[in-house]
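Q: I have a structure I would like to understand better, so I am pasting it below and will then ask my questions one at a time.
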2 protein chains.
Amino acid sequence: MTSTAQPPVGTAHPAADISSAALESETSAQRARRARILTATLALASRGGYDAVQMREVAERSEVALGTLYRYFPSKIHLLVSAMASEVEGLATRVQKRQAPGGTRAERVSFVLERSTRSLQREPLLTEAMVRAMMAADASVAAQVTGIRQGMSDLIVQAMRGGGDPVEHDVEIAAILQDVWFARQIAWLGGRIDATDVWRDIHQAIVLIVLD
Amino acid sequence: MTSTAQPPVGTAHPAADISSAALESETSAQRARRARILTATLALASRGGYDAVQMREVAERSEVALGTLYRYFPSKIHLLVSAMASEVEGLATRVQKRQAPGGTRAERVSFVLERSTRSLQREPLLTEAMVRAMMAADASVAAQVTGIRQGMSDLIVQAMRGGGDPVEHDVEIAAILQDVWFARQIAWLGGRIDATDVWRDIHQAIVLIVLD
DNA sequence: GGCAATACTAGAACACGTTCCTGTTACCGG
DNA sequence: CCGGTAACAGGAACGTGTTCTAGTATTGCC
């Protein structure tokens with residue numbers, strides 16, 4: 001229950017690692033179950049946020065036994081982090097479709113992060129559910145969370161160097177921005193700032209940190 | 001259970017707001033109970049972290065009924081956030097005893113934040129418990145969390161302007177540093193980085209952000 | 001001192017994440 | 001086709017945060 005280690009991806013669970021392999025070896029019925037589970041999760045999270053994603057309810061809506069749900073996703077956290085991974089993946093491909101506009105580095109980063117932030121805020125309850133899961137993630141989901149962070153980092157770094165010219169510390173700056181981004185989401189979830197403040201604060205950080 | 005609002009500090013709970021008043025009106029027996037509860041909480045958290053702080057166990061060790069515990073602290077989150085508030089308060093007075101040494105703004109901030117970080121890491125499990133609570137805080141503890149943030153912000157701002165000369169954006173920069181500080185703690189709790197990396201990353205952020 | 005209101009105790013009860021058990025079904029090598 | 005193994009269904013059971021109830025003690029007020 002604590003943040004203790006875990007066997008390095010035993011052959012037991014067909015899921016747990018979204019990254020790659022082992023998903024190939026699934027039968028089509030299994031792929032369908034996994035998809036139904038994620039669909040149900042997104043539906044419940046969109047409607048009622050983190051608390052509304054109840055494992056029994058997810059299982060029922062997915063037409064899957066509770067034990068099976070746990071076989072595919074060993075915890076509620078895994079389930080929601082997986083949802084976030086696929087969500088962020090979609091976001092990344094959409095945002096990266098074209099080069100971010102803007103003459104300065106700050107402008108381009110602003111463009112990308114504002115789009116991302118607004119995209120998430122369009123479904124506040126879903127975002128609440130996913131961000132809460134990211135916060136609560138322990139070592140057993142570290143790999144997935146790192147993957148999500150990596151995806152967002154790529155987005156930011158690419159925006160910073162518009163065409164070429166990589167600037168020193170780009171990666172570190174992206175990491176800081178992501179920390180701010182994340183911390184501001186938490187402040188919003190914690191009722192300390194409201195949705196509009198989230199972007200205002202992130203933008204302020206960009207202006208202060210991303211220099212040309 | 002969700003982040004919905006709540007009555008603006010009803011007369012029901014003698015605690016909930018650490019800030020001020022209402023604590024005055026406590027009898028000495030009540031002050032003693034509150035102290036016992038916080039002591040038990042710190043002991044359990046120090047020994048076993050967030051999961052070890054079990055409400056029944058806290059009640060038992062405090063020699064208080066479970067219902068009474070909930071009267072003083074309406075949730076586990078409130079309990080641990082209160083613990084963190086008093087912990088940070090102690091930290092602040094200790095650190096602010098003397099002016100931070102260092103010739104540059106960055107050096108002074110580094111000094112203060114390193115001391116704070118190391119101080120917390122001396123009790124990793126306690127820190128884990130408190131940080132987890134801060135993350136999970138919903139609107140009902142927003143005021144206390146804001147207070148904690150304010151305390152840390154003061155610490156940082158004061159370090160930045162060593163003697164006089166307040167520099168533009170000091171407060172905003174302090175906020176960013178605190179976001180980084182917090183996000184790095186979460187990364188550590190999530191098993192994505194280890195304890196030594198926490199300070200390394202924070203220091204890197206200071207170097208990049210706090211300019212002279 | 002007496003009385004009403006409030007605080008406290010002890011413990012049952014509830015909700016939801018998680019685990020476990022029992023029986024059934026689907027797949028796979030011979 | 002057959003037997004065995006892994007996956008699944010259905011559902012009971014457990015742990016812990018939280019709530020609720022009934023009875024007892026304390027406190028504040030006249």
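The values are calculated or read from the model by the stated rules, or taken from the named source; none is laboratory data. Being a predicted model, the structure only gives us computed values, none of them experimental. So basically every Cβ, Gly included, is an ideal-geometry build from the backbone, and we count neighbours across all protein chains shown.
Q: Any residue in the range A:35-57 that is aliphatic (A, V, I, L, M), surrounded by fewer than 13 Cβ atoms within 10 Å (Cβ to Cβ) and either away from DNA strand C (no atom under 11 Å from the Cβ) or at pLDDT below 95 (or both)? First the steps, then the outcome.
A: Initially, the range A:35-57 is screened for residues aliphatic (A, V, I, L, M), giving A:35, A:37-38, A:40, A:42-45, A:52-53, A:55.
Checking which are surrounded by fewer than 13 Cβ atoms within 10 Å (Cβ to Cβ) leaves us with A:35.
Next, from what is left, pick out any that are either away from DNA strand C (no atom under 11 Å from the Cβ) or at pLDDT below 95 (or both): A:35.
Yes, the range A:35-57 contains at least one residue that is aliphatic (A, V, I, L, M), surrounded by fewer than 13 Cβ atoms within 10 Å (Cβ to Cβ) and either away from DNA strand C (no atom under 11 Å from the Cβ) or at pLDDT below 95 (or both).
Q: Restricting attention to the range B:77-94, which residues are in contact (Cβ under 8 Å) with a residue 60 or more places away in the chain, within 12 Å of DNA strand D (Cβ to nearest atom) and under 14 Å from B:VAL131 (Cβ atoms)?
A: The answer is B:ILE77, B:VAL81.
Q: Shifting gears a bit: Check the range A:163-171 and report whether any residue there is under 19 Å from the mean Cα position of the chain (by Cα) and either aliphatic (A, V, I, L, M) or closer than 19 Å to B:VAL180 by Cβ (or both).
A: yes
Q: Restricting to helices (runs of 4 or more DSSP H) lying wholly in the range A:27-76: which have 1 or more residues that are over 18 Å from A:GLU87 (Cα atoms) and more than 10 Å from DNA strand D (Cβ to nearest atom)?
A: On the way: elements: A:28-52, A:55-62, A:66-72.
Passing ranges, in order: A:28-52, A:55-62.
Q: If you don't mind, there's one more thing I want to ask. Residue by residue through the range A:135-161, note down the ones that are at the interface with chain B (Cβ under 8 Å from one of its Cβ atoms), in a helix (DSSP H, G or I) and hydrophobic (A, V, I, L, M, F, W, C).
A: A:MET135, A:ALA136, A:ALA139, A:VAL141, A:ALA142, A:VAL145 - these are the residues of the range A:135-161 that are at the interface with chain B (Cβ under 8 Å from one of its Cβ atoms), in a helix (DSSP H, G or I) and hydrophobic (A, V, I, L, M, F, W, C).
Q: When the residues of the range A:72-85 are narrowed to those that are within 9 Å of DNA strand C (Cβ to nearest atom) and of a type outside the set (S, T, N, Q), which ends up farthest from the chain's Cα centre (by Cα)? Spell out the reasoning first.
A: Restricting attention to the range A:72-85, the residues satisfying the condition of being within 9 Å of DNA strand C (Cβ to nearest atom) are A:73-79.
Then drop every residue that is not of a type outside the set (S, T, N, Q), which leaves A:73-74, A:76-79.
Working: A:PHE73: 16, A:PRO74: 18, A:LYS76: 15, A:ILE77: 12, A:HIS78: 12, A:LEU79: 12 Å.
Checking each candidate, the answer is A:PRO74.
Q: Please tell me if B:VAL88 is assigned to a helix (DSSP H, G or I), out of contact with any Leu (no Cβ under 6 Å at 6 or more places or on another chain) and either within 16 Å of DNA strand C (Cβ to nearest atom) or at pLDDT below 90 (or both). Steps first, answer last, please.
A: On the way: assigned to a helix (DSSP H, G or I): yes; out of contact with any Leu (no Cβ under 6 Å at 6 or more places or on another chain): yes; either within 16 Å of DNA strand C (Cβ to nearest atom) or at pLDDT below 90 (or both): yes.
Yes.
Q: Search the range B:172-196 for residues that are on the phi < 0 side of the Ramachandran plot and pair each with any residue that is of a type in the set (Phe, Trp, Tyr) when their beta-carbon atoms are under 6 Å apart and the residues are at least 6 apart or on different chains.
A: The qualifying pairs are B:ALA183/A:PHE182.
Q: Taking into account only those residues within the range B:162-176 that are in a helix (DSSP H, G or I) and more than 9 Å from chain A (Cβ to nearest Cβ), which is surrounded by the fewest Cβ atoms within 10 Å (Cβ to Cβ)?
A: So the first thing to find is which residues in the range B:162-176 are in a helix (DSSP H, G or I), and the list is B:170-176.
Those still in the list that are more than 9 Å from chain A (Cβ to nearest Cβ) too: B:170-171, B:174.
Numbers: B:ASP170: 18, B:VAL171: 14, B:ALA174: 23.
Among those that are in a helix (DSSP H, G or I) and more than 9 Å from chain A (Cβ to nearest Cβ), it is B:VAL171.
Q: Does the range B:177-197 contain at least one residue that is away from chain A (no Cβ under 11 Å), surrounded by 18 or more Cβ atoms within 10 Å (Cβ to Cβ) and either part of a helix (DSSP H, G or I) or not hydrophobic (A, V, I, L, M, F, W, C) (or both)?
A: Checked against the condition, which is being away from chain A (no Cβ under 11 Å), surrounded by 18 or more Cβ atoms within 10 Å (Cβ to Cβ) and either part of a helix (DSSP H, G or I) or not hydrophobic (A, V, I, L, M, F, W, C) (or both), the range B:177-197 yields no hits at all.
Q: What tally of residues in the range B:84-106 results from selecting those that are farther than 27 Å from B:GLY49 by Cα and surrounded by fewer than 18 Cβ atoms within 10 Å (Cβ to Cβ)? First the steps, then the outcome.
A: Initially, the range B:84-106 is screened for residues farther than 27 Å from B:GLY49 by Cα, giving B:96-106.
Imposing the further condition that a residue be surrounded by fewer than 18 Cβ atoms within 10 Å (Cβ to Cβ) reduces the set to B:96-99, B:101-104.
Total satisfying the criteria: 8.
Q: Looking at the range B:197-212, is at least one residue over 25 Å from A:GLN185 (Cα atoms), touching a Lys or Arg at 6+ places or on another chain (Cβ under 6 Å) and of a type in the set (D, E, K, R)? Write out each step before concluding.
A: The initial filter retains those residues of the range B:197-212 that are over 25 Å from A:GLN185 (Cα atoms), namely B:211-212.
Retained after the next criterion (residues that are touching a Lys or Arg at 6+ places or on another chain (Cβ under 6 Å)): B:212.
This time we only want the ones that are of a type in the set (D, E, K, R), so: B:212.
There is at least one residue in the range B:197-212 that is over 25 Å from A:GLN185 (Cα atoms), touching a Lys or Arg at 6+ places or on another chain (Cβ under 6 Å) and of a type in the set (D, E, K, R).
Q: Report yes if A:ARG94 is touching a helix residue (DSSP H, G or I) at 6+ places or on another chain (Cβ under 9 Å) and charged (D, E, K, R), otherwise no.
A: Details: touching a helix residue (DSSP H, G or I) at 6+ places or on another chain (Cβ under 9 Å): yes; charged (D, E, K, R): yes.
Criteria met by A:ARG94.
Q: If you check B:ARG115 against the conditions, is it touching a residue at least 24 places away in the same chain (Cβ under 8 Å) and not in a loop (DSSP other than H, G, I, E, B)? Let's see the steps before the verdict.
A: Working: touching a residue at least 24 places away in the same chain (Cβ under 8 Å): no; not in a loop (DSSP other than H, G, I, E, B): yes.
No.
Q: Is it the case that B:LEU125 is within 18 Å of the chain's Cα centre (by Cα), touching a residue at least 12 places away in the same chain (Cβ under 8 Å) and more than 14 Å from every other protein chain (Cβ to nearest Cβ)?
A: No; evaluated as a whole, the condition is false for this residue.
Q: In addition: Kindly indicate which of A:LEU125, A:LEU69, A:LEU113, A:LEU79 is within 30 Å of A:VAL167 (Cα to Cα) and either of a type outside the set (Val, Ile, Thr) or buried (at least 17 other Cβ atoms within 10 Å of the Cβ) (or both).
A: Values: A:LEU125 fails: within 30 Å of A:VAL167 (Cα to Cα); A:LEU69 fails: within 30 Å of A:VAL167 (Cα to Cα); A:LEU79 fails: within 30 Å of A:VAL167 (Cα to Cα).
Matching residue, one of A:LEU125, A:LEU69, A:LEU113, A:LEU79: A:LEU113.
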